[in-house]
1. Could you please find all residues in the range B:69-89 being assigned to a loop (DSSP other than H, G, I, E, B) and over 22 Å from B:Gln166 (Cβ atoms)?
2. Could we say that A:Ile193 is among the hydrophobic types (A, V, I, L, M, F, W, C) and loosely packed, with under 13 Cβ neighbours inside 10 Å here?
3. Picking from A:Ala102, A:Ala71, A:Ala58, which residue would you name as being under 16 Å from A:Phe38 (Cα atoms) and touching a helix residue (DSSP H, G or I) at 6+ places or on another chain (Cβ under 6 Å)?
4. What number of residues in the range A:210-227 are under 30 Å from the mean Cα position of the chain (by Cα) and modelled with pLDDT of 90 or more?
5. For B:Lys142, all conditions in the list (1) surrounded by 15 or more Cβ atoms within 10 Å (Cβ to Cβ); (2) farther than 14 Å from B:Ile33 by Cβ; (3) touching a Phe, Trp or Tyr at 6+ places or on another chain (Cβ under 9 Å) hold save one; what is the number of the exception?
6. For A:Ala165, work out the one condition from (1) of a type in the set (Gly, Ala, Ser); (2) loosely packed, with under 15 Cβ neighbours inside 10 Å; (3) part of a helix (DSSP H, G or I); (4) within 14 Å of chain B (Cβ to nearest Cβ) it doesn't fulfil.
7. When both residues are 6+ apart or on different chains and their Cβ atoms are under 7 Å apart, which pairs have a first residue that lies in the range B:49-72 and is free of Cβ contacts under 8 Å to residues at least 60 places away in the same chain and more than 21 Å from B:Glu16 (Cα to Cα), and a second that is part of a strand (DSSP E or B) and among the polar types (S, T, N, Q)?
Amino acid sequence: MSVFDGLKFRRVYSPIHNLDPRMKFIFVIAIFVSAILFYQIIPLFALFLIAIPFVFLARVQKQWIRSLRGAVFLAALIFLSNFLISAWTSGFKITAPMIESAIALTLRFVVLVESFSVFFLTTSPDHLGLALEQSRVPYEFSFAFTTAVRFVPVLAEEAQTIMDAQKARGLELEKGNFMKRIRNYVPVLIPLIVSAIRRSLELAEAMESRAWGATKKRTNLYALKLHRGDYFLLLITVLIIVLTVYFRYFTAIPTISQFIK
Amino acid sequence: MLEVKGVHFSYPSGVEALKGVTLTVKNGEFLAIMGQNGAGKTTLVKHFNGLLKPSIGQVLVDGVETTKTSVAALARNVGFVFQNPDHQLFSETVEEEISFALKNFGYDAETVEKRITWALNLLGLTEYRKTSPFMLSGGERKRVALASVLAWDPQILILDEPTIGQDHQQKENLRQFIIQLQSQGKTIVIVTHDIEFVSECNPRVLLMREGKVVADGAGKEILTNPEVLFESSIVLPQITQVFIKLSSLGLPKNIIDVYEARDVLLKTLEAKQG
């Protein structure tokens with residue numbers, strides 16, 4: 001469940017935490033789109049490096065590393081499946097570009113996890129909801145979204161309790177071959193889903209009994225305003241987009257093997 | 001036999017939940033662990049079947065250190081029923097739910113069948129054998145969870161908040177049931193806030209506060225000690241409150257049982273009339 005730990009917000013004050021969530025989101029999306037556009041190691045590695053100063057400025061390195069560690073299993077899976085499929089289609093003649101593209105695709109996943117982890121680690125759910133509302137997203141949707149984000153750590157904790165309860169009944173999650181291991185998680189997933197549905201129904205009832213949606217036009221105690229740091233982040237974002245478009249469409253990016261030659 | 005020796009435990013978040021707990025639970029003993037929320041009760045009992053391992057100190061189950069074996073191996077001797085049945089129910093029928101642990105422990109089909117019938121009967125669930133556990137009421141789900149653990153007949157049984165959501169009748173059944181298990185020589189550990197339930201059962205009581213044991217002894221001693229209970233934010237059993245308030249009339253203060261109370265009162269009345 002350590003992947004979820006990387007999404008858990010902790011109230012800390014840092015220049016990154018104080019940035020406007022809208023700007024941060026655009027920044028993350030810019031990185032996201034760039035990561036999708038590139039399929040070579042060098043630009044993807046550059047994207048990976050961009051987020052690192054943010055992590056240290058926000059002082060969330062511990063949680064950030066934990067979220068990356070949690071992504072290791074999936075990353076390994078992506079690497080293996082890409083490598084095996086390309087090896088299989090080429091008749092098992094392993095070449096350097098093949099390994100490189102598998103590494104690049106894995107790196108792409110790591111960049112996505114990294115940037116979203118930075119975003120969620122430094123943005124409070126309240127700010128997020130506020131940002132959505134001020135972006136004219138209907139309150140129903142922004143509320144649903146912030147609630148979903150807020151419940152991620154709750155669900156992670158619940159998953160831990162369920163695992164404990166099933167282990168106490170002799171379930172061994174790490175036992176058996178690959179398929180068996182996946183099936184081992186059924187006794188964990190079903191209670192988790194059922195209790196999530198129960199919880200959401202209870203939440204809906206509790207909200208309605210507290211007159212949720214009684215007024216059509218809501219006002220907020222706090223309003224988001226852009227500051228100097230936000231414009232600076234916007235500048236970085238624009239720079240990333242411009243560089244991405246330039247390198248992706250107007251230059252030929254060398255692969256590592258070409259680089260070495 | 002459960003032996004806890006100087007156990008300290010800290011969660012990964014850094015919270016120190018246990019600060020040096022030592023206790024021994026002998027075979028056939030009935031122990032109630034009480035204390036305010038966050039006192040470390042559930043953390044302590046999670047050490048009994050190895051779900052948590054001590055940061056410092058040792059926990060031994062029948063002489064085996066919990067760090068040297070797996071939860072699955074310990075679970076054969078230590079049954080643990082969690083507070084919320086919804087954290088473990090996942091099968092399509094009550095029958096399958098009960099068979100889950102039995103299959104995990106590798107019992108053969110015939111034994112599984114026998115144990116299911118036995119456990120259903122024991123908890124009055126026979127009529128729900130083919131029902132989905134999700135269709136049952138809260139109290140019934142709790143009994144299914146209990147049946148699914150009792151089915152493999154563990155020597156030590158841990159119940160976390162067994163009385164929550166149970167009506168009076170069910171609580172009485174549970175009490176009878178615990179007495180029955182105790183007479184078979186089983187060790188029973190309950191974690192609870194329900195002082196009335198504990199006073200009716202009169203087990204050994206362990207009081208915890210901020211990760212430490214503050215009192216450990218016979219129920220009759222601890223449940224009638226207002227100072228110790230007050231420190232743990234526990235209110236005295238009602239019957240004890242009455243007797244403490246009437247102690248100026250020469251009535252004893254250490255009454256926790258309604259039947260005992262009746263006998264004492266009758267004797268006093270008879271003495272006055274006589």
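1. Start the filter on the range B:69-89 by keeping residues that are assigned to a loop (DSSP other than H, G, I, E, B), which leaves B:69-70, B:76-77, B:82-84, B:88-89.
B:Thr69, B:Ser70, B:Arg76, B:Asn77 - these are the residues of the range B:69-89 that are assigned to a loop (DSSP other than H, G, I, E, B) and over 22 Å from B:Gln166 (Cβ atoms).
2. Details: among the hydrophobic types (A, V, I, L, M, F, W, C): yes; loosely packed, with under 13 Cβ neighbours inside 10 Å: yes.
Judged against the criteria, A:Ile193 is a match.
3. Values: A:Ala71 fails: under 16 Å from A:Phe38 (Cα atoms); A:Ala58 fails: under 16 Å from A:Phe38 (Cα atoms).
Matching residue, one of A:Ala102, A:Ala71, A:Ala58: A:Ala102.
4. 0
5. (3)
6. Unmet condition: (2).
7. As it stands, the answer is B:Glu65/B:Gln58, since those pairs meet every condition given.
Here's the yes/no breakdown for (1) free of Cβ contacts under 8 Å to residues at least 12 places away in the same chain; (2) surrounded by 12 or more Cβ atoms within 10 Å (Cβ to Cβ); (3) in contact with a Gly (Cβ under 9 Å, 6 or more places away or on another chain); (4) at negative phi:
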{"site": "A:Leu155", "(1), (2), (3), (4)": "no, yes, no, yes"}
{"site": "A:Arg199", "(1), (2), (3), (4)": "no, yes, no, yes"}
{"site": "A:Leu203", "(1), (2), (3), (4)": "no, yes, no, yes"}
{"site": "A:Gly213", "(1), (2), (3), (4)": "no, no, no, no"}
{"site": "A:Ala223", "(1), (2), (3), (4)": "no, no, no, yes"}
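The values are calculated or read from the model by the stated rules, or taken from the named source; none is laboratory data. None of these values were measured; they are calculated from a predicted model. All Cβ positions, even for glycine, are placed from backbone atoms using ideal geometry, and neighbour counts span all protein chains on display.
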